[in-house]
1. From the residues in segment 96-152 that are closer than 18 Å to Val36 by Cα, β-branched (Val, Ile, Thr) and touching a Leu at 6+ places or on another chain (Cβ under 9 Å), which one is surrounded by the fewest Cβ atoms within 10 Å (Cβ to Cβ)?
2. What is the number of the single condition among (1) within 30 Å of Thr45 (Cβ to Cβ); (2) of a type outside the set (A, V, I, L, M); (3) surrounded by fewer than 17 Cβ atoms within 10 Å (Cβ to Cβ) that Gly62 does not meet?
3. May I ask you to list pairs of residues, at least six apart or on different chains, whose Cβ atoms are under 6 Å apart, with the first in segment 91-115 being free of Cβ contacts under 8 Å to residues at least 12 places away in the same chain and the second being surrounded by 12 or more Cβ atoms within 10 Å (Cβ to Cβ) and part of a strand (DSSP E or B)?
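Values in this text are rule-based calculations from the coordinates and carry no lab data. Predicted model, so just to flag it, every value in this text is computed and none were measured. Cβ placement follows ideal geometry from the backbone for every residue including glycine, while neighbour counts extend to all protein chains displayed.
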Amino acid sequence: MSYVYKCSFLVLLLFTMGAGQAHREHATNNIVSVDVGTQLWVRGTLTGLSSGNVTVILNAVGNAEVDCVNSANEVIKGKKISVSLSGSSTYPSPKNGRMTFAVYTFSPVITSVDSCPDSQWIATVSDVEFTHPGASFIVVQGNKIVFTEAIH
């Protein structure tokens, strides 16, 4: 099941100096996060960026629901496992200091030892219940963190 969380937040401004002028990087109020089962997806628009490639890093925590399958194809629920997930996307230099981004976390990989009765079972993550707050994105430009925001 997917849940859409629209983020309305106070903008955190970080100031960097370059060429004698200050840049104010910030996100517009259209940051959206979507729980897509085993991944978290976030999209939004950033403004006030300077020139140069931009990397957006997404970090999230949650509880993975695990299905365990044995050699007879019997399926049981495994133990819930706490997971930390991340993902990133890199974009070329923004036009006019503005860019739209979208980034997913990677799906978690769980071993059968972590959540199933023994190593003879095969573990598959069926869902991640993302904790809120517990997700954030970081914007890096020119090897510097220029913006960070918690996702609610």
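1. In this case the residue turns out to be Val103.
2. All conditions pass for Gly62, except number (3).
3. Qualifying pairs under 6 Å: none.
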